[in-house]
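First comes the structure, then the notes that go with it.
The values are calculated or read from the model by the stated rules, or taken from the named source; none is laboratory data. Note that this is a predicted model, so its numbers are computed, not measured. Here the Cβ positions follow ideal geometry from the backbone for every residue, glycine too, while neighbour counts run over all protein chains shown.
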């Protein structure tokens, strides 16, 4: 079954995918059915050379405990190459900016998230940092599903968003590290 036709038209073939670590059945009622089906069919995938990632919710679920008061209500389902997470919670997509420690409601429709939000050039420039991503990809090569381009030092430690301040590192560890800085 085809889900998110605008997204799949723009990104007909993922760059790489990994299957979900477990069945997503336990997320019934917490994630929209179309998102469960999409993730079950596609897996955790990289799109646009790694600019956009869908993710295995199980991979980052425990890390949310360091960020949210009620992490059991939030399900991570997508991310940026820089470690920012997109969570589904109470019928809406939220953006967890791990550099600034802010959680922002994005949109209340998973279809509009994939077919609108992710395809918006302004969102790709500002939220996904498309220009910085292109420089990082050229300088350091692609990241894998468990990696990010990490700012070193992090913004909370006075770092700046420049390609020379980026390093490839592990996603979970980096997001966990940042949780301790921006509280």
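Could you list, in sequence order, all residues of the stretch 85-105 that are over 11 Å from the mean Cα position of the chain (by Cα) and free of Cβ contacts under 8 Å to residues at least 24 places away in the same chain?
Correct list: 89, 90, 91, 92, 102, 104, 105.
Any residue at all in the stretch 129-147 that's more than 25 Å from residue 16 (Cα to Cα) and at pLDDT below 95?
No, every residue in the stretch 129-147 fails to be more than 25 Å from residue 16 (Cα to Cα) and at pLDDT below 95.
Scan the stretch 162-183 for residues that are touching a residue at least 24 places away in the same chain (Cβ under 8 Å) and under 18 Å from the mean Cα position of the chain (by Cα) and jot them down.
166, 167, 168, 170, 171, 172, 174, 175, 176, 178, 179
Taking residue 90 and the conditions (1) crowded, with 16+ Cβ neighbours inside 10 Å; (2) at pLDDT below 95, which numbered condition does it fall short on, given that it satisfies the others?
With (1) crowded, with 16+ Cβ neighbours inside 10 Å; (2) at pLDDT below 95 applied to residue 90, the lone miss is (1).
What is the number of the single condition among (1) surrounded by fewer than 16 Cβ atoms within 10 Å (Cβ to Cβ); (2) in contact with a strand residue (DSSP E or B) (Cβ under 7 Å, 6 or more places away or on another chain) that residue 148 does not meet?
The failed condition is (1).
Restricting attention to the stretch 133-142, which residues are surrounded by 15 or more Cβ atoms within 10 Å (Cβ to Cβ) and in contact with a strand residue (DSSP E or B) (Cβ under 6 Å, 6 or more places away or on another chain)?
Matches in the stretch 133-142: 136 only.
List pairs: first in the stretch 64-84 and in contact (Cβ under 8 Å) with a residue 40 or more places away in the chain and at positive phi, second part of a loop (DSSP other than H, G, I, E, B) and crowded, with 23+ Cβ neighbours inside 10 Å, Cβ under 9 Å, 6+ apart or cross-chain?
Every condition considered, the pairs that remain are 83/98.
Condition first: within 19 Å of the chain's Cα centre (by Cα), within 14 Å of residue 37 (Cβ to Cβ) and without any contact (Cβ under 8 Å) to a residue 60 or more places away in the chain. Now tell me which residues in the stretch 1-18 satisfy that.
Within the stretch 1-18, just 8 meets the criteria.
Out of 50, 33, 29, which single residue is free of Cβ contacts under 8 Å to residues at least 24 places away in the same chain and within 18 Å of residue 114 (Cβ to Cβ)?
Of the residues listed, the single one that is free of Cβ contacts under 8 Å to residues at least 24 places away in the same chain and within 18 Å of residue 114 (Cβ to Cβ) is 33.
Name the helices (runs of 4 or more DSSP H) wholly within the stretch 101-183 that hold at least 2 residues that are farther than 29 Å from residue 5 by Cβ?
In the stretch 101-183, 130-140, 171-181 are the helices (runs of 4 or more DSSP H) which contain 2 or more residues that are farther than 29 Å from residue 5 by Cβ.
Could you pull out the residue among 74, 81 that is under 23 Å from residue 10 (Cα atoms) and either touching a helix residue (DSSP H, G or I) at 6+ places or on another chain (Cβ under 9 Å) or modelled with pLDDT of 95 or more (or both)?
When all the criteria are applied, what remains is 81.
Could you check the stretch 49-61 and list, in sequence order, the residues that are closer than 22 Å to residue 10 by Cβ, in a helix (DSSP H, G or I) and within 13 Å of the chain's Cα centre (by Cα)?
50 - this is the single residue of the stretch 49-61 that is closer than 22 Å to residue 10 by Cβ, in a helix (DSSP H, G or I) and within 13 Å of the chain's Cα centre (by Cα).
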